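To keep things clear, I will list the structure first and then write my remarks on it.
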Amino acid sequence: MSKSPKVILLSQVPLPFSKIGSWTTLYNNYLEKDHKIDYIVCPKSDKKYDSVKYSYTNFTFWHKIQRKFLKKKNLEYFQALDKFINPGEKYIIQIVDNYGMVKPLKNYLISKGIDKQCYIQFFYHGYPPYDYSDSMQNFYDIIDEIILLTNDSYIEHKKKINVLSNYISILPNGIDTKKFSKISSSEKTKLKAELGFKDKKVFVWCSQDRPKKGLHVILDVWRRIYSSQKNIVLLVIGCNPRETMDGVIFLGKIPNDELPKYYQISDCYLFPTLCQEGFGLSLIEALHCGNYCIASALGGVPEVLQYGKYGKLIENPHFISEWGQAVNDFLEGEFETPEVPNDLYSSEKWNTKMNDIIETAKNRMQNNSAK
């Protein structure tokens with residue numbers, strides 16, 4: 001009887017990852033529980049997960065020369081991968097969002113004569129298909145399975161990619177719903193007072209400070225609304241302070257462990273993305289903390305909010321007037337904050353689904369080798 005395939009995660013960042021990151025947080029929750037990862041190849045990390053074996057990458061001056069002049073990329077990863085590869089075994093190799101790794105990895109596996117013994121899983125946290133015309137077909141031919149965040153992303157792939165010959169799975173993001181959870185009305189009132197927001201309607205924006213995240217849209221809305229709505233405050237998390245604005249508090253970058261309390265005192269979460277967002281992890285964090293969500297109807301966001309069941313979708317997010325109307329409607333009580341099932345987008349469900357995806361891939365490999 002052949003051995004069960006081993007699972008290798010190739011990570012471009014050290015794991016555990018010390019900073020805030022969506023997919024690294026997901027893997028952190030996963031690797032601390034019942035998981036099916038055997039090996040991790042990544043840059044050297046300060047800490048380790050005790051339940052996996054590591055091989056660290058060592059990016060030397062010689063690697064830089066080869067990358068620049070010989071166009072050989074990721075050699076440091078394949079040298080680290082050599083530590084785990086045994087010609088007599090099968091492997092599932094996971095890559096997260098790193099398109100540049102796929103083709104060199106395939107060439108490496110072919111050079112080792114083990115490409116038929118390996119199954120490449122590509123986890124894609126975007127929404128539209130990967131569409132670099134010079135390499136798109138190569139990419140979809142090389143990977144064995146692509147794991148998407150939403151069914152709507154799958155529909156986009158079917159529309160735009162002529163041949164999707166690989167397997168496809170859907171794995172929505174998941175959060176720690178014990179950490180990100182709703183508190184009672186009395187607790188919320190008390191916490192609001194402690195943080196200096198007593199009797200205020202609190203709105204939150206939380207993201208990286210990039211134009212495509214739409215903060216400028218919300219600040220424009222705030223300038224128009226605040227003159228007639230003095231009992232509101234906007235908390236901006238994740239970006240450096242800008243010029244002083246009435247009714248806006250820039251909190252800067254906040255550690256992930258401190259985020260829940262700001263979501264918990266908030267009444268409405270604003271998600272004005274101007275790009276085809278893959279999922280929006282902060283959306284479900286705010287949702288589970290009791291926020292009403294107002295979000296752009298772009299990318300995977302409508303599916304995440306179940307097409308309006310769990311929040312207001314802005315069909316034309318570049319139009320300031322639509323955001324202003326939605327905020328005013330919320331303040332006037334037009335929207336009712338929904339009750340959210342505790343297991344909706346939970347890390348527990350993510351972990352279970354990840355194990356199912358890995359186990360299914362193992363069975364495919366075993367069945368194919370038996371033919």
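The values are calculated or read from the model by the stated rules, or taken from the named source; none is laboratory data. No experiment lies behind these values; they were computed from the predicted model shown. Heads up, the Cβs are rebuilt from the backbone with ideal geometry, glycines too, and the neighbour counts pull from every protein chain shown. Surface areas here come from the heavy atoms of the whole protein model, side chains and all, with no ligands, DNA or RNA. Shrake-Rupley method; radii C 1.70, N 1.55, O 1.52, S 1.80 Å.
Which value, in debye to the nearest 20, gives the size of the charge dipole of segment 115-231 about its Cα centre, when Lys and Arg are +1 and Asp and Glu are -1 at the Cβ?
In debye, rounded to 20, segment 115-231 gives about 1180.
What does the chain give for Rg and for Dmax, in Å, if only its C-alpha atoms count?
Looking at the chain, its Cα Rg and Dmax stand at 22.8, 74 Å.
Of K3/K36; K48/K261; K182/K309, which pairs sit farther than 21 Å apart, going by alpha carbon to alpha carbon?
K48/K261
Looking at segment 317-371 from every direction and averaging, what is the projected area of its Cα convex hull in nm²?
Averaged projected hull area, Cα only: 7.4 nm².
Which loop GluC sites (Glu not before Pro) in segment 184-255, with loop taken from DSSP, have no more than 11 other Cβ atoms within 10 angstrom of their Cβ?
Sparse-neighbourhood loop GluC sites (Glu not before Pro): E243.
So, in nm, how far is label T360 from label N256 when the simple model puts each one 7 Å beyond its Cα toward the Cβ?
Those two pseudo-labels are separated by 2.6 nm.
Over the C-alpha atoms of segment 78-154, what are the Rg and the largest Cα-to-Cα span, Dmax, in Å?
13.3, 39
Tell me whether segment 254-339 comes out rounded, prolate or oblate; compute the Cα gyration tensor, take square roots of the eigenvalues as a ≥ b ≥ c, and use a/c under 1.5 as the rounded threshold.
oblate
Full-extension gain between E334 and E315, please, as 0.36 nm times their residue separation minus the C-alpha to C-alpha distance.
Taking E334 through E315 to full extension adds about 5.1 nm, to one decimal.
Over segment 144-263, what portion of Cα pair distances is larger than 23 Å, expressed as a whole percent?
Tail of P(r) above 23 Å: 52 percent of Cα pairs.
Run the numbers for D141 and S186: contour at 0.36 nm per residue of separation, minus the present Cα-Cα distance, in nm.
Gain in length upon complete extension: 10.6 nm.
Within segment 245-279, which residues have the backbone N less than 12 Å from the label spot 7 Å out from K198 along Cα→beta-carbon, could you tell me?
Within reach of a label on K198: no residues.
At R0 = 35 Å, how high is the FRET efficiency between Q229 and D97 if r is their beta carbon distance? Nearest 0.05 is fine.
0.30
Leaving out ligands, DNA and RNA, what percent of the accessible area of segment 81-122 is carbon and sulfur, probe 1.4 Å?
49
Measure off, as a whole percent, the carbon and sulfur share of the 1.4 Å-probe accessible area of segment 136-239, all protein chains present.
Here it works out to 48 percent.
If the cut-off is a Cα-Cα distance under 12 Å, which aspartates and glutamates reach K53, setting aside same-chain residues fewer than 8 apart in sequence?
Output for K53: D38.
Test of understanding: given the chain, find the longest segment containing no chymotrypsin sites (Phe, Trp or Tyr not before Pro) that are in a DSSP loop and have at most 15 other Cβ atoms within 10 Å.
Looking at the chain, 133-318 is the longest stretch - no exposed chymotrypsin sites (Phe, Trp or Tyr not before Pro) with at most 15 other Cβ atoms within 10 Å.
For every helix of n ≥ 4 consecutive DSSP H residues, a contribution of -39,500 (n - 2.57) applies; sum these over the chain, divide by its total residues, and give [θ] at 222 nm rounded to the nearest 500 deg cm²/dmol.
-10500 deg cm²/dmol, from helical runs alone.
Taking 0.36 nm per residue of sequence separation and subtracting the Cα-Cα distance, how much length would be gained by fully extending the chain between L164 and D246, in nm to one decimal?
Result for the pair: 24.4 nm of gain on full extension.
Give me the accessible area per residue for segment 132-247, probe 1.4 Å, as a whole number in Å².
Counting only protein heavy atoms, the per-residue value for segment 132-247 is 53 Å².
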